[in-house]
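Below is one structure; the comments refer to it alone.
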Amino acid sequence: WHGVGLLEKEQSGPAAPPPVEKAPPLTADQLRMAALRDPTVSMLASEAQTCLGKALGQKDIQRVVSLYVNESIPAEVILLCAAYNAGRGRRSVAQLERELDRWAQEGVANGEDAERHLQLLEDRARHERTVAELLGVPAEDLTLADKNCVRRWYEEYRFDDAMVAEAVLPLRLIVLSPSCEVESADWVDSPEALVEPRLSSVWEEDGATTA
C-alpha cells in the first residue's frame, strides 16, 4: 500500500523514554505489615481474585498489592483493570501489570479516569467492529496499524459512522468486485488502508465532521 502511495507511512516519533525501574514486589512480611496498617490491602487481595476469576498464590498477591503500595495505583483502578482483563480472557497478574502500564500511559490516575478509559475502550472496539463489517473482514483481522487509523478517524478527526461508511463502502466494492482489475497483488492485502486517504480527501478540506 505504501508503495503505490495509497497511505502515508506513519512517521516514527521520538524514542520512547526508558522504562521506569520499579520497586521489587513486597515480601510476605511486608505484605502482612501493610495489611495491618491499611485495611485496603486485605480488601484488594480478596477482590482482585474475584475480579480475575481465579485464586492467586502468595507471590501473585504480593505483586498485586505492590501495585497499590509501591506504585501508588488506586485499588479501584487495579480492580477495574482486573475485571476488564478477565472479561477478555487475560487473567494473569503479569497481564494485569502490563495493562495497568498502558492505562497509565493513557493518563489513568484514579477511578474516574478508569471509568472514562473503559468507555473509550468500549467505543474503540465498537468502531473497529463497524469498520471491519463495512470492509467485510473479521474485526480480529485488523492490524495494529488499521486500528490506529480507525482511532484517528473517530477520535482526532471526529468522523461519525455515517461518514466512515460513505468512504468505506465504495472502496469495498472496488476490492471485492470480480470485474475490477487490480494492478498490484499487494492491493488486496489491506483494503482498509484505502479508506484513510479517501476520508481525508472527502472531508478534511472543509473541516466537516458529520455527514
Difference of contour (0.36 nm per residue) and Cα-Cα distance, Gln105 to Glu133:
7.1 nm
Quickly work out the Arg90-to-Glu76 label distance, labels modelled 7 Å from Cα along the C-beta direction, and quote it in nm with one decimal.
2.2 nm
In whole percent, the fraction of accessible protein surface over the range 44-111 that belongs to carbon or sulfur atoms, probe radius 1.4 Å, stands at 45 percent
Give the carbon-plus-sulfur fraction of the accessible surface of the range 112-172 in %, rounded to a whole number; probe 1.4 Å, heavy atoms of protein chains only.
49 percent
Average projection area in nm² (convex hull over Cα atoms of the range 99-164, one quarter of hull surface)
4.8 nm²
Modelled FRET efficiency - R0 25 Å, Thr50 with Arg124, Cβ distances, 0.05 increments
0.40
Computed from the beta carbon distance with a Förster radius of 25 Å, FRET efficiency for Ala83 and Arg32 to the nearest 0.05 stands at 0.40
Subtract the Cα-Cα distance of Glu112 and Asp160 from 0.36 nm times their separation in residues, and report this length gain in nm to one decimal.
14.7 nm
Heavy-atom accessible area per residue - the range 87-169, 1.4 Å, Å²:
54 Å²
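The values are calculated or read from the model by the stated rules, or taken from the named source; none is laboratory data. What you see is a predicted model, and the numbers here were worked out from it, not measured in a lab. Heads up, the Cβs are rebuilt from the backbone with ideal geometry, glycines too, and the neighbour counts pull from every protein chain shown. Quick note on the areas: whole protein, heavy atoms, side chains included, nothing else; ligands and nucleic acids left out. Shrake-Rupley method; radii C 1.70, N 1.55, O 1.52, S 1.80 Å.
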